[in-house]
Structures are given as structure tokens and as C-alpha cells.
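The values are calculated or read from the model by the stated rules, or taken from the named source; none is laboratory data. Because the structure is predicted, anything quoted here is derived from the model rather than measured. Ideal geometry is used to build each Cβ from the backbone, glycine not excepted, and the neighbour counts take in all protein chains shown.
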Amino acid sequence: MSRRFIEAAADRLVPEFLAPQREKLQYLAIGAFNTAFGYVVWAALYRLLSPAVSYAPILILSYCLAIANAYVWYRFVVFRSHASVWRELPRFSGVYLATMVVNLIAYPIALHHLAVNAYVVQALFTLGVVVASYTAHKNFSFRAVGKKSPIAADPLSRGHE
């Protein structure tokens, strides 16, 4: 399947009157798929491995699989990047590495203090990641070469000139 075919197929799913919001809508759709994929991978690994393996290795393995899946979909369908994979993939992975670190810290705290099970805690965290990651991917992971991020372009963020 060619890249143009994939892009055209993805575009046909967005009604014409919503075309200006294409990227956001496709991000939400792909994000929903990736969220489900990542959660199912985590839940399956947790179910299979948790009697013998602690939470952290299960989370790390599930993140690696989910990141690989998400990168392909976001690169080709949502952001339609043509930049070097070697430049983008570390940035993309960095966004999820940050969320994984927060997850590793927050999960045991939430599990201890909330009256819900491990599956609910992880589902809630996963939903938060979808919301936060769009901005990070748009302005960092898939930012066009030479284009400054909105934060870097803000004259107030550079101090007094």
C-alpha cells in the first residue's frame, strides 16, 4: 500500500465541512485505537505475567509495543511526516517515556489511595495520556524541521531583550 493511498483513505473518512479539523479528528480516532491497543497489550501482559513479574517490567514492555504501533499510525495517517525516522522516533518515544515515568510513580500511589483495582487505575491514566500527548506530538515529535515550537517562538519565554 502506498503512502498516498493511506492518506487519501484517511481523508475520505473526514467529512468535507470538517476538513480544517482533519488532523485533530484523525488524532482522536487513531488515539482511541492506540489507547485501546496499548491498554489491551498492558492488560494481557499483566494478566499473563503479574503472578511472576512485578508491575514495572510489564508496563515497560507494554509501552514499547504501544509506542511502536502509535508511531506508525501518527507518522503516516495523522501528521503525515516525511522527516527522518531517526530524528522523529527519539522525540516521539521521549514523549511516552515521560508519561511512562509518571505512570511508574503515580500507579502505586493511586492504587494504594483509590478504592479501585489495577485495571481502572491504568485506564484512567491512559485516558490522560491521550489528551496530553497531542500537543507534545504536534509541537515536538512531528514538528517540521526548522519550525520553532510555539513555546520557543514566544518572545516572553526568552526573557527581556
Which condition breaks for residue 10 when tested against (1) within 14 Å of the chain's Cα centre (by Cα); (2) over 13 Å from residue 137 (Cβ atoms); (3) aliphatic (A, V, I, L, M); (4) surrounded by 15 or more Cβ atoms within 10 Å (Cβ to Cβ)? (1)
Within region 14-114, helices (runs of 4 or more DSSP H) holding 2 or more residues that are closer than 16 Å to residue 139 by Cα, touching a Leu at 6+ places or on another chain (Cβ under 6 Å) and at pLDDT below 90: none
Scan region 89-118 and report the pairs whose first residue is on the phi < 0 side of the Ramachandran plot and whose second residue is hydroxyl-bearing (Ser, Thr, Tyr) and surrounded by fewer than 15 Cβ atoms within 10 Å (Cβ to Cβ), with Cβ atoms within less than 8 Å and a gap of 6+ or a chain change. none
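When you look at residue 87, is it surrounded by fewer than 15 Cβ atoms within 10 Å (Cβ to Cβ) and of a type in the set (Lys, Arg), yes or no? Even if it seems obvious, please write down each step before you answer.
Values: surrounded by fewer than 15 Cβ atoms within 10 Å (Cβ to Cβ): yes; of a type in the set (Lys, Arg): yes.
Criteria met by residue 87.
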